[in-house]
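To start, the structure itself, in C-alpha cells.
The values are calculated or read from the model by the stated rules, or taken from the named source; none is laboratory data. All values derive from a computational prediction rather than experimental measurement. Here the Cβ is made from the backbone with ideal geometry for all residues, glycine too, and neighbour counts use every protein chain on show. The protein model used for the area step is the full one, side chains on, heavy atoms only, and it has no ligands, DNA or RNA in it. Shrake-Rupley method; radii C 1.70, N 1.55, O 1.52, S 1.80 Å.
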Amino acid sequence: MSATLARPAVSARTHALLHDPIVPMLLRMAWPNILVMLAQASTGLIETFWVARLGTDALAGMALVFPGVMLMQMISGGAMGGGISSAIARALGGGRRADADALVLHALVINIALGVVFSASVLTFGPALYRAMGGSGASLDAALRYSNVVFAGTVLLWTMNALASVIRGTGNMLTPALVTCGGVVLLVPLSPCLIFGLGPFPALGVAGGGAALVLYYLGGVVVLGWYVLAGRATVRLRIARPRWTMFQAILGVGAVAAVSSVQTNLTVALTTAMVGASAGPDAVAGYGTGARLEYLLIPLVFGLGAPLVALVGTNIGAGHRARALRITWIGGAMAFVLTEAVGLVASVWPGAWLGLFGTDPRMLATGAAYLHAVGPVYGFFGLGMALYFASQGAGRLLWPLLAGLLRMLVAVGGGWVAGVVVRGVGGWAGAVWLHAGCGGAGWGLVSAGGIGLRRVGRC
C-alpha cells in the first residue's frame, strides 16, 4: 500500500512514453511540431508580405524589430519552454502528479514575469537600440510604431508559450500544434485588415501588423488556457503557495538553455559583422542568405526536439536511464540524417537556394562558397540541436552549452584570425567559411562525446 501511495499509477499517455517502441513514437510526436514551427515561421512571412506594400521604410522598420522578436520567441518557447516541458515530464515520469500540477502555476509565474521584463526593457530602450542598429528617419519611426505594439502585448506570447510547453511536457504535441495553426489561419486575413483598414477595421499601417500578432497571441492564450483549466490536459492548474524547488526545476534547465539561444544568435550576428567590416555589403548578403538555410533547419529539428524533451524527461523521472539514452541516440541519428541530406543538396546545388533571394553575381558567389564549405557538416548541426533538446529533457545542459561556446569561438575567433592572417577577400572568405563549418561540426561532436562519456541525466 505504501508503494502505491508513493508512486501512483501513471496516465495512459505517460505509460506510452515509458514503454512504446521508440522510432514510431518519435515520428508520431514529431510531425505536429514540425507543423507548428512552419506555421510560426509563416506568421513572420505573412506580416512581411503585407507590410512590404507600405513601402521600404515600413519594411526596414520591421526588420529592425525582427531580431528582438525572434530572440524573445526562442527564449520563451524553446529555452524556458524546454525547461517547463522537461520539469513536468520528469515529475510525471516519477509518478509525482502533485508536483506536475504545481509546476503549471510556477511555469506561468516565470514566463509572465520574464514577459513583463522584456516588454518594459524594449519599450524603454527601444529607440536607442534601433538607432544603434542603423535606424533613422522614417524607418526608425516605423520600427517604433511596430515595436511598441508588439512589445506592449508580449506578455501574451510568453503566457501562450508557457501553456503550450506545459501541454507538450505531458507528451501531447497535437493540441498546441492545432491551436497554433488555427491562429495562423485567422492571422492571414486579420493582418491586411488592420494594416490597410478593410471593412470595420481601422487603418493602422505598420502598427496593424503588430496588433494582428498580439491578437493571435491572445487567442492562443484563451484556447490553451481553457484546455488546461477544463482538465483536458494530463496536468491541472492549482493555486498553491510558490516553492523555490519548483522554480528551480524549470530555471535549472530554462536559464541555461537561454544562454545557448543567445550563443546561437550571437554567433551569426558576430560573423555577419565581421564579414561586413572586411568584405562589404555584397558579401554580407551572400553570407546572410546562405546562413538563412541554417534557420530553416531549426523547425525541422524542433519537430524531433520537443518530443525528445518529453520522452527523455519522462524516462529519466521514472528511472529508465538506459531507455532515455537509446531515445537520445535515435533522435540524434534521425536529426543528423535529415539535416545532412539538406546540407548536401545545398552544397551541390547552392544556386537553387540562393536564387530565391537575388541575382547579384557577388552575392551568389559568396553564398555558394559558404554553402560549399558548411553544407556538408549540417548533419552535425542537426545532431547538436537534437542532443541539446535531449539534454533539456534530462535536466543537464553542461555539454551542449560547452559545445555551443566552442562553436562560437571557432567560427568567430577563428574567422577573425583568418581575417588578420589571410590577404585577399577570396582567400579570407574561404578561411572564414572553413572555420564556420568546423565550429558547426564541433558543436555536434562535442555534445555527442560529452553525453557518451556519461549517462543521460548526469552530463
Name the single residue that is least open to solvent (accessible area, probe 1.4 Å) among those in the stretch 229-248 being without any contact (Cβ under 8 Å) to a residue 12 or more places away in the chain and outside any loop (DSSP other than H, G, I, E, B). 245
Looking at the stretch 54-74 only, could you name the residues that are surrounded by fewer than 20 Cβ atoms within 10 Å (Cβ to Cβ), in contact with a helix residue (DSSP H, G or I) (Cβ under 8 Å, 6 or more places away or on another chain), modelled with pLDDT of 75 or more and farther than 18 Å from residue 114 by Cβ? 54, 57
So in the stretch 180-215, with the set limited to residues that are in a loop (DSSP other than H, G, I, E, B) and aliphatic (A, V, I, L, M), which one is modelled with the highest pLDDT? 204
Is there a residue being crowded, with 17+ Cβ neighbours inside 10 Å, modelled with pLDDT of 70 or more and in a helix (DSSP H, G or I) anywhere in the stretch 269-288? no
Among 93, 77, which is the only one that is crowded, with 19+ Cβ neighbours inside 10 Å and under 17 Å from the mean Cα position of the chain (by Cα)? 77
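Here's the yes/no breakdown for (1) buried (at least 16 other Cβ atoms within 10 Å of the Cβ); (2) under 19 Å from residue 110 (Cβ atoms); (3) hydroxyl-bearing (Ser, Thr, Tyr); (4) without any contact (Cβ under 8 Å) to a residue 12 or more places away in the chain:
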| site | (1), (2), (3), (4) |
| --- | --- |
| 131 | no, no, no, yes |
| 138 | no, no, no, no |
| 149 | yes, no, no, no |
| 156 | yes, yes, no, no |
| 164 | yes, yes, no, no |
Answer yes if at least one residue in the stretch 151-164 is aromatic (Phe, Trp, Tyr) and modelled with pLDDT of 90 or more, and no otherwise. yes
How many residues of the stretch 213-253 are under 22 Å from the mean Cα position of the chain (by Cα) and within 10 Å of residue 103 (Cα to Cα)? The answer is 3
Checking the condition closer than 26 Å to residue 77 by Cα, out of contact with any strand residue (DSSP E or B) (no Cβ under 8 Å at 6 or more places or on another chain) and not small (Gly, Ala, Ser), which residue from 345, 374, 337 passes? 337
If I filter the stretch 370-405 down to residues being open to solvent by 40 Å² or more (accessible area, probe 1.4 Å) and among the aromatic types (Phe, Trp, Tyr), which single residue comes out as farthest from residue 331 (Cα to Cα)? 399
